[in-house]
Every structure is written in C-alpha cells, then in structure tokens.
Amino acid sequence: MCNEAVTNASVVGREFDFALLLRLAEDITEDELSTALEEAVKAHLVEELSTLPGRYHFSHSLIQQALAEELSTTRRVRLHARIAEALESNYGPDAEAQAAELAHHFAEAQTVLGAEKLVQYSLLAVEKALATYAYGEALDHFQRALSAKDEPSTGTVPTECAETAAALFGLGRAQLATLDQYQLGDAVTSLLQRALDYYINTGDVARAAAVAEYPLLQPARYLLKTTLVDRVLPLVPPDSLVAGRLLSQYGLVIGGDQGDYQGAQEAFERGLAIARREGDTALEMRTLSYAALMDLFHVHFQEGLEKYLRAVALAQSVGDPRAEVEARWYTAVIQYNLGQPEEARRTVTAGLALAGRLQHREWQAYHSYGISIYFRAIGEWDSAREYGDRGLQVSPRFYQLLYMRLCLEYEVGEFAAGGDYLNRLLEIAQSRPAGSVGPMHAATSFAVALSGRIAGAEDRFDVAEELAENVLSSSRSIPPLTANFARAGLAVLAVQPRDADAAADQYGTLQSARGTTISTATVTSIDRVLGLLAHTMGNPEQAATHFADALTFSRKAGFRAGAVQAGEILGA
C-alpha cells in the first residue's frame, strides 16, 4: 500500500497533497493512506511540510523520478488524466492561476483527454510566464500548444484558428528574448505575420494592433514593422491611443528603414500629443525612446540624449523594466559617442542588473558589452575581457562584442587572439543574406581595415572594401551613423596605400561628424581618422589640427586607449 501511494504521488510531482492522493487511490480509506504515508516518511522517501499540514514532498527528485519510471506508459498516462481532472475540479475558479501545473498534466494525458484543455491551459500559462519574464518556460508552453494543434511554428502557412494565432504571437514574443539577434528576422517575421494575418482577416483590430505595436529588437525591427504597422494603422481611429502606439512604431519604421528623419519626427510628435492628452505615460516613454533612437541614427546626439534620459525616468515611474533596459542602452551609446564614459558606465551597469532580472539574453549581452567598452576605453584590458566574455556566454554571435574584442587584442599586440575574433565576425557578416547589410557589415569592414593596418596585413582589404561599399550602396536607407562607420573603414583603406584621391573622398563625407567617436564599439575618434586622411592628402598642418582635436577629445573623455592612438598617429 505504501508503494502504491508514493508511486501515485510521483506522477503528481515533487510536491503533492494528501487530499489529491486520496482521490487517486483505489479502494483505500483515509486512515490507510495516512498509515502508508507515515511509512514513507519513516523510510525517508517523503517528508511532510511542517508549514502546510497535508502537504508532502519527495526527499529527493531522483526518488520521484525512479518511482514514476516504474509505471507502465498506459498507467502513467491514465494517472495524469485523473490528476488533471481532479486538480481542475479542486482549483475551480482559481484554475487559471495554476495553468502551468494543469497544462503539464493535460499534456501528459493528451492521448486520453485530447488536446482542448492542453491548449487552453498552455496559452494561459505562457501569458503568466511572459509577464514574469520566464521566457524559456513560455517557449516550452507555446511549442506544446502548437504541437497539440498540429500547427507548424515555422513557414508562412496561414491559420484559421484563434488559439493558434495566439500561440504564434506568443512564441514570437518569447523568441525575441531567447534567440541570438541574427536568428530573429526570419523566425519572428513568420510568427508575427501569420498571427497578424489571422486577426486582420477576422476583423480583430485590437489584437492586430497588439501584434503591430509589440516592441522588437534590431534587426527584426524595421523591415518587419514596415509590413505590420502599414497594414494596421489605417484600421484604427486616427486620434485614438491605439493610433498613438502605432504612430510610435511607424516613426521608427520610416526613420530607420526608409531614412525619412523628418517624417519620423512628425509621426513621433503626433504620437506624443496623443500620449500626453490621454495621460498615457507608458506611451510617452516609448515614443520618446523611439524618437531618440532616430536622433542617434541620424547623428543628432544631444537631442537624442535629452529624450533618452527622460524616457529612462518615465520607464522607472511606470515600472517598465523592459523599456528601461532598452532606453538605458541607447542612452549609454550616445554618452560614449559624446565622450562621456563615466556616465555611460553608470547607465549600463544599472542596465545589466535589469537585464539579469528580466532573464533577457540580448539585453544582458548589450549591457555587458557596454561595460566592456568602458574598461577598454580606460585601458583596463582584463576587465574589458571579463565583461566581454560574460556577454558572449549568453550570446556567442553578438557581433559588437566580437568586434570590440578583436580591436582590443590587435591593439595590445595579441594578433592570434584578435584573428580568432575577426574570423568569427567575418563568418557572421558573410553568412547574412544579400540585402540585409547594416551596422554589423560596417563594423566588420572597419575591423578588417584596422586590424590589417595594425598587423601590416593587407590580404583582406578587398573584403573590407566590399563590405563597406555594400553598406553605402544598399537599396535600403542606411542611417548616417552606420554610413559614417562604413566610410571610416574606407578611410583606413585609403590611408594604408596613401591613396590621396580616395582619402579626399572620405574626408569630405566625415567632416560633419567631428567631435565624436566612429561608433560605440570603438574609442577611435572621427578627428583621428580625419587627421590620417589629411596627412594622406598631403596637408600636414590640417592633419596636426585634427590629431590635436582627437587627443583633446580622448583626454577629456578619459579614453586612455583613444589618447594613445591619437598620440601615436598610427605611423602617419
């Protein structure tokens, strides 16, 4: 009798309830079950929870596992079915709060009870998991729900089922937090588009808007949002809160993907007006963040910084850690570009703590990278490596970290280590499909050119030139921030063979960015590059002025590495 009781309990879970176990037992009285459990306690198989009378748990998970494995598949499935129905009855109106537990048992009993309750409780469980940032758990529930519905989680096959559409949207949200950044585009596009198709086709504008306005990370953000927002915006009242949320996304789309900075700012202003009129602080915060991002991409750094600082404060006031962690990252990006490393370090240190709470891999990688930048800038190489490694542990293909590490290793003379990171970066850049060029390709171009110049190896300069030219000739609108990064790569390529004509071309395009760094990922100032170009063009006095400006910028910012670079003038 004791063996039967604990075997039944092993199917319930690590922890179980006396009343539930009594319902599962066949031909056994309450006293007999009490006696059986007392024997199990004496044998150290289970322990009674002192704070919860009638609740027990197995002394070790291996005991539970061994007992459950003794059951035949048929008996185990039938026990799960009885447990699922008993728990659902016991919980009554509170069943939704216990959705994860119920989903587990209904899943195990699917061959007996069918898929309806499995899907129902799986979808309830994932919403709770997403709300508490348990993204891995959410992924499991969504995959289980789609499998039960016999629906693919990839491809473009339309769905005619509301539950499937909800699962597709949820799976897309979970993948945003768990996939590497360059897995996002194809995976998320398929899921969100299919969900949106269903909601538009059924006239469910509210849910269609929820899909279109959901915040995305790059690189899925722009091309995907173009097709989502454009389809939903005409369906909603023009001055509604829903319209405000969509306008916020629309500004992001046309400013980032289409390069229409002015049009983006107009969309943001309309969205902000709606948010402030309705007192929607969350919408105001999100719109300010997106407007600031376009300021960053179009090299309006000071305007962007002011908006991001306001967005961080608003995110804290409404208790939105996900929005805060994103706003903090881009605040730090601008602070680095303006030569404010101490402020940036404080910003990303708080951001890393938030990202850890959220269990969000990409933001953990971003903020680890941000701290790594700081230590590299001040010349603390070991600390820079430590935070770089932390970021690569959670996102091994995070190109910014690979770029930062290869630059660091080459600059301290560790060419072999730098070469390993360069090879990894090139593999990622060259594996991207045609037409998807962007910041990664610009960074890779500059990395190849810089590492070749430092190591005296020009064998990959043709690769660097091709990557930069692909960025600048893209059919997509490339933000000025990215374009300047690509031009900096071409600038180094012009300096190395002392090509005065090519140097003059790049000199003219980079003049407007004086007084900033090339990108967040590097402590190299634009003035240093302009100095190299001027020297190559045969203007030594002009070159000296630029190098002096680069040295002043780096010293004022505390960029020890940048000051050394400017002082050495890299052999110019």
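The values are calculated or read from the model by the stated rules, or taken from the named source; none is laboratory data. Keep in mind it's a predicted model, so treat the numbers as computed, not measured. Quick reminder, even Gly has a Cβ in these numbers, built from the backbone with ideal geometry, and neighbours come from all protein chains shown. Side chains included, ligands, DNA and RNA excluded: accessible areas come from the protein's heavy atoms. Shrake-Rupley method; radii C 1.70, N 1.55, O 1.52, S 1.80 Å.
Yes or no, residue by residue, for (1) more than 17 Å from R23 (Cβ to Cβ); (2) surrounded by 21 or more Cβ atoms within 10 Å (Cβ to Cβ):
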position: T51; (1), (2): yes, no
position: E70; (1), (2): yes, no
position: A84; (1), (2): no, yes
position: E88; (1), (2): no, no
position: A95; (1), (2): no, no
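Residue count for the stretch 23-47, restricted to those that are at pLDDT below 85 and either open to solvent by less than 50 Å² (accessible area, probe 1.4 Å) or in contact with a Gly (Cβ under 9 Å, 6 or more places away or on another chain) (or both): 3.
Any idea which residue in the stretch 198-232 is modelled with the highest pLDDT, counting only those that are under 15 Å from L293 (Cβ atoms), open to solvent by 10 Å² or more (accessible area, probe 1.4 Å) and part of a loop (DSSP other than H, G, I, E, B)?
The extreme case among them is P215.
So is D239 out of contact with any Gly (no Cβ under 9 Å at 6 or more places or on another chain), modelled with pLDDT under 95, open to solvent by 40 Å² or more (accessible area, probe 1.4 Å) and over 26 Å from Q175 (Cβ atoms) or not? The answer is yes for D239.
Inspect all residues belonging to the stretch 176-184 and state whether any of them is surrounded by fewer than 14 Cβ atoms within 10 Å (Cβ to Cβ), out of contact with any Ser or Thr (no Cβ under 8 Å at 6 or more places or on another chain), in a helix (DSSP H, G or I) and modelled with pLDDT under 70.
As a first pass, look at the stretch 176-184 and keep what is surrounded by fewer than 14 Cβ atoms within 10 Å (Cβ to Cβ): 183.
Imposing the further condition that a residue be out of contact with any Ser or Thr (no Cβ under 8 Å at 6 or more places or on another chain) reduces the set to 183.
This time we only want the ones that are in a helix (DSSP H, G or I), so: 183.
Next cut, modelled with pLDDT under 70 only: 183.
Yes - at least one qualifying residue is present in the stretch 176-184.
Please verify whether the stretch 521-528 includes one or more residues that are buried (at least 22 other Cβ atoms within 10 Å of the Cβ) and of a type in the set (D, E). Scanning the stretch 521-528, I find at least one residue that is buried (at least 22 other Cβ atoms within 10 Å of the Cβ) and of a type in the set (D, E), so the answer is yes. Restricting to the stretch 86-130, and then to whatever is in contact with a Lys or Arg (Cβ under 9 Å, 6 or more places away or on another chain) and acidic (D, E), can you tell me which residue is farthest from A145 (Cα to Cα)? Filtering the stretch 86-130 for residues that are in contact with a Lys or Arg (Cβ under 9 Å, 6 or more places away or on another chain) and acidic (D, E), the one farthest from A145 (Cα to Cα) comes out as E88. Every condition in (1) in contact (Cβ under 8 Å) with a residue 60 or more places away in the chain; (2) open to solvent by 20 Å² or more (accessible area, probe 1.4 Å); (3) farther than 25 Å from A264 by Cβ holds for R345 except the one numbered (1).
Just one of (1) surrounded by fewer than 24 Cβ atoms within 10 Å (Cβ to Cβ); (2) touching a strand residue (DSSP E or B) at 6+ places or on another chain (Cβ under 7 Å) fails for G356. It is (2).
Cβ separations smaller than 7 Å between residues 6+ apart or across chains give the following pairs from the stretch 399-422 residues that are open to solvent by less than 20 Å² (accessible area, probe 1.4 Å) to residues that are acidic (D, E): G418/E409.
Each row is one residue, and each column tells you yes or no for (1) in contact with an Asp or Glu (Cβ under 9 Å, 6 or more places away or on another chain); (2) closer than 22 Å to G356 by Cα; (3) in contact (Cβ under 8 Å) with a residue 40 or more places away in the chain.
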site: Y290; (1), (2), (3): no, no, yes
site: M294; (1), (2), (3): no, no, yes
site: H300; (1), (2), (3): no, no, no
site: Y308; (1), (2), (3): yes, yes, no
site: L314; (1), (2), (3): yes, yes, no
site: E324; (1), (2), (3): no, yes, no
site: T331; (1), (2), (3): yes, yes, no
site: L338; (1), (2), (3): no, no, yes
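Considering only residues of the stretch 240-292 that are among the acidic types (D, E) and farther than 24 Å from Q316 by Cα, which is farthest from the chain's Cα centre (by Cα)? Step by step, filter the stretch 240-292, then rank; the result is E266. Quick check on the stretch 109-122. Is at least one of its residues buried (at least 22 other Cβ atoms within 10 Å of the Cβ), in contact with a Leu (Cβ under 9 Å, 6 or more places away or on another chain) and not in a helix (DSSP H, G or I)? Checked the stretch 109-122: at least one residue is buried (at least 22 other Cβ atoms within 10 Å of the Cβ), in contact with a Leu (Cβ under 9 Å, 6 or more places away or on another chain) and not in a helix (DSSP H, G or I). On the basis of being modelled with pLDDT of 95 or more and over 20 Å from the mean Cα position of the chain (by Cα), does R310 make the cut? Against the criterion (modelled with pLDDT of 95 or more and over 20 Å from the mean Cα position of the chain (by Cα)), R310 qualifies. Within the option set L490, L450, L426, L467, being open to solvent by less than 60 Å² (accessible area, probe 1.4 Å), of a type outside the set (F, W, Y) and farther than 23 Å from L530 by Cβ holds for one residue only, L426.
The helices (runs of 4 or more DSSP H) falling completely within the stretch 245-347 that include 2 or more residues that are under 26 Å from F559 (Cα atoms) map to 281-297, 301-318, 321-337. If you go through the stretch 361-387 and pick out every residue that is out of contact with any Leu (no Cβ under 9 Å at 6 or more places or on another chain) and either of a type outside the set (S, T, Y) or at positive phi (or both), you end up with 8. A Cβ distance below 8 Å, combined with a sequence gap of six or more or placement on separate chains, defines the contacts here; from the stretch 92-106, residues that are in contact (Cβ under 8 Å) with a residue 60 or more places away in the chain and farther than 13 Å from V126 by Cβ reach residues that are among the aliphatic types (A, V, I, L, M) and assigned to a helix (DSSP H, G or I) in the pairs E101/L87. Does E386 satisfy the criteria of being free of Cβ contacts under 8 Å to residues at least 24 places away in the same chain, open to solvent by 10 Å² or more (accessible area, probe 1.4 Å) and over 19 Å from R424 (Cβ atoms)? Judged against the criteria, E386 is not a match.
When you look at L305, is it under 20 Å from E343 (Cβ atoms), at pLDDT 95 or above and surrounded by fewer than 22 Cβ atoms within 10 Å (Cβ to Cβ), yes or no? So L305 does not fit the description; no.
Counting only strands (runs of 3 or more DSSP E) that sit wholly inside the stretch 1-85, those with at least 3 residues that are over 19 Å from F106 (Cβ atoms) are 46-48, 55-58.
Residue count for the stretch 241-268, restricted to those that are free of Cβ contacts under 8 Å to residues at least 40 places away in the same chain and among the charged types (D, E, K, R): 1.
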